[in-house]
There are 2 protein chains.
Amino acid sequence: MSSVKPHATHPDPAELDALGAALFRPMGVAGIYARTALYEDIVERLARLLPQPRAARAESLHFPPVMSRSELERSGYLKSFPNLLGCVCTLHGSESEIHAAAELHESGGDWTAALEAADLVLSPAACYPVYPLVARGGSRVPAEGLAFDVAAECFRHEPSRSLSRLQSFRMREFVRIGSAAQVMAFREQWMQRAEGLARLLGLPSTLEVATDPFFGRVGQVMAVSQRQQSLKFELLIPCESGAPPTACMSFNYHREHFAEIWDLRDAAGELVHTACVAFGMDRLTVALFYTHGANVATWPSAVRRALAI
Amino acid sequence: MSSVKPHATHPDPAELDALGAALFRPMGVAGIYARTALYEDIVERLARLLPQPRAARAESLHFPPVMSRSELERSGYLKSFPNLLGCVCTLHGSESEIHAAAELHESGGDWTAALEAADLVLSPAACYPVYPLVARGGSRVPAEGLAFDVAAECFRHEPSRSLSRLQSFRMREFVRIGSAAQVMAFREQWMQRAEGLARLLGLPSTLEVATDPFFGRVGQVMAVSQRQQSLKFELLIPCESGAPPTACMSFNYHREHFAEIWDLRDAAGELVHTACVAFGMDRLTVALFYTHGANVATWPSAVRRALAI
């Protein structure tokens, strides 16, 4: 283990601009940042602001940043976003095999060739564990449907210098499971609330039909179909100068996609529908600082009131 | 994608006892659980209780659940705990290569053979990113030393059914960097405070000299040396019936270990010393529920007062 200065061999791939330097400290990898107290305070205030209008009956769950690999595979993630998935890999085998791999690193070799996939992946969104969790319960979805309020630290492998495209970020999602009418009404209601929420926070926003960043040429076909059916809307908010506005919330109708995979049915035995409303907690926080500045004391009084500052 | 019921093919490897069922929902992998609102509320109250006695000058940082792989490698983690490390692996290569791997899964093959290590690992403890972060700053450690208050979701690959040994868990750490006298005084002070904190929370505790779970036969030698030098103390608290008490806090003196790796020096050019005090936020929360029961309303009034319930 040498004592070479890290900045001599590790030119920081994640330099921060003036605003970024107030919110984050670099950690040597693009899109991975330590969050300062100034920044975390606003993330927490935003989290407390969000739940107020949620359905009282929603079950609230905080997921860890990893989830079952087989459950994410079954959800179809590899078909849509194989390039973004982070899989947890570990050294398996006997004591001498593990030692041999670790020692390969000491001798300057590539120890990672010995890694094998564990039964875990980094969650790419907060709602994926919800559907298998409901399926595990085993009962039929009741007439009034089900509602969840979930949160997780999520991961997508897309290194970028943009502060509104982190690799590791917090998502909060409201998930609705029930009839097509129930989940469409839920999504519609939240699209209206979202624009009100952006106004309350002093954030300029536009609501647009959108598509997921499906991978490759096949993905472009999936995106056309998604757009034609208006399955995804996004609330776009400016997060950095000279760049188009960023999707800070999304409103997604999955039709029977997850119900079919997880065999989620109503009392009559029909497949249910699902929808989710997703809040990019880090993007919303970056948008707040980008719009109102690094000094929270000078934010508009209405915004400060909304966040109970 | 078949619609087989998940509980038909996935017998839950992580069944929960009565207390566990009030705190967690299973996610199909041992040691990985969704956290209920009841549980999260106590985690958050505990987090607010902790910072009160910290040094006012400590820099507070919240790290994401992943950190630079090369920085953790350089920290010596592979020498000590190669079996516990979770490395982030992704599909690299061209569009057709990534598609070929993803399609292998559809046809029932092992797509994970195509995974390659990214430049990230899951952080195994909250303090590892602190030392390279200080090094990146490039300046000498001031005479009064440095103090950090950091938090992260951590990961260690040790599947277990024990609720006090999760694979994914929250750690809070107070880190001190300075002279040997400064960091030893810091650790001593926290060992006393910790016993007071346990009393305040109504938790029976014992403070003991301890060792890290170093890997393999070589690790046993490292553990003997660590114990002889009293480098690690743990505060043990009962977390489950029929099992020995669990380390819920630890008090670690690293001597010049991290300073040497990251070239951290004082104004005179001497290597500094470091120490950290670690709080297992999930273990402490499980200990509270194990000791006082699942019904927070019936917890002792002194404990409720301490947690501002």
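The values are calculated or read from the model by the stated rules, or taken from the named source; none is laboratory data. Because the structure is predicted, anything quoted here is derived from the model rather than measured. As a convention, Cβ positions derive from the backbone with ideal geometry for all residues, glycine included, and neighbour counts pool all protein chains shown.
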Practice item. Please indicate, with yes or no, whether at least one residue in region B:173-194 is within 14 Å of chain A (Cβ to nearest Cβ) and either surrounded by fewer than 20 Cβ atoms within 10 Å (Cβ to Cβ) or among the aliphatic types (A, V, I, L, M) (or both). Key: yes
Practice item. Only residues that are in a helix (DSSP H, G or I) and free of Cβ contacts under 8 Å to residues at least 40 places away in the same chain: list them for region A:217-252, please. Key: A:Arg217, A:Val218, A:Gln220, A:Val221, A:Ala223, A:Val224, A:Ser225, A:Gln226, A:Arg227, A:Gln228
Practice item. State the number of residues belonging to region A:124-139 that are more than 10 Å from chain B (Cβ to nearest Cβ) and more than 15 Å from A:Thr274 (Cβ to Cβ). Key: 2
Review point. Just wondering, is there one or more residues in region A:76-87 that are within 7 Å of chain B (Cβ to nearest Cβ), at pLDDT 95 or above and out of contact with any helix residue (DSSP H, G or I) (no Cβ under 8 Å at 6 or more places or on another chain)?
Key: yes
Practice item. Could you please give the count of residues in region A:268-309 that are surrounded by 13 or more Cβ atoms within 10 Å (Cβ to Cβ) and in a helix (DSSP H, G or I)? Key: 16
Revision key, fill the gap. Every listed condition ((1) in contact with a strand residue (DSSP E or B) (Cβ under 9 Å, 6 or more places away or on another chain); (2) at the interface with another protein chain (Cβ under 9 Å from one of its Cβ atoms); (3) modelled with pLDDT under 95) holds for B:Lys5 save (1)
Exercise for review: State whether the residues of region B:40-58 include one that is crowded, with 20+ Cβ neighbours inside 10 Å and at pLDDT 95 or above.
Suggested key: yes
Point to revise | Where B:Glu260 falls short, out of the listed (1) among the charged types (D, E, K, R); (2) closer than 21 Å to B:Tyr131 by Cβ; (3) in contact with a Lys or Arg (Cβ under 6 Å, 6 or more places away or on another chain) | key: (3)
Check your understanding: Just checking, how many residues over region B:166-203 are within 30 Å of A:Phe63 (Cα to Cα) and among the polar types (S, T, N, Q)?
Key -> 2
Review point. Taking region A:102-117 on its own, how many of its residues are among the polar types (S, T, N, Q) and either surrounded by 12 or more Cβ atoms within 10 Å (Cβ to Cβ) or under 33 Å from the mean Cα position of the chain (by Cα) (or both)?
Key: 1
Review point. Can you name the residue in region B:20-37 that is without any contact (Cβ under 8 Å) to a residue 60 or more places away in the chain and outside any strand (DSSP E or B) and is also nearest to the other protein chains (Cβ to nearest Cβ) among such residues?
Key: B:Ala37
Review point. Within region A:192-207, is even one residue within 19 Å of the chain's Cα centre (by Cα) and more than 27 Å from A:Ile42 (Cβ to Cβ)?
Key: no
Point to revise | Hey, A:Asp110 in contact with a Leu (Cβ under 9 Å, 6 or more places away or on another chain) and either facing chain B (nearest Cβ under 8 Å) or not hydrophobic (A, V, I, L, M, F, W, C) (or both) or not | key: yes
Practice item. Go through region A:133-164 residue by residue and tally those that are assigned to a helix (DSSP H, G or I) and closer than 20 Å to A:Arg69 by Cβ. Key: 4
Point to revise | Of all residues making up region A:147-167, the number that are farther than 20 Å from B:Leu122 by Cβ and not small (Gly, Ala, Ser) | key: 6
Review point. Just one of B:Leu231, B:Leu207, B:Leu197 is over 28 Å from B:Val66 (Cα atoms) and surrounded by 19 or more Cβ atoms within 10 Å (Cβ to Cβ); which is it?
Key: B:Leu197
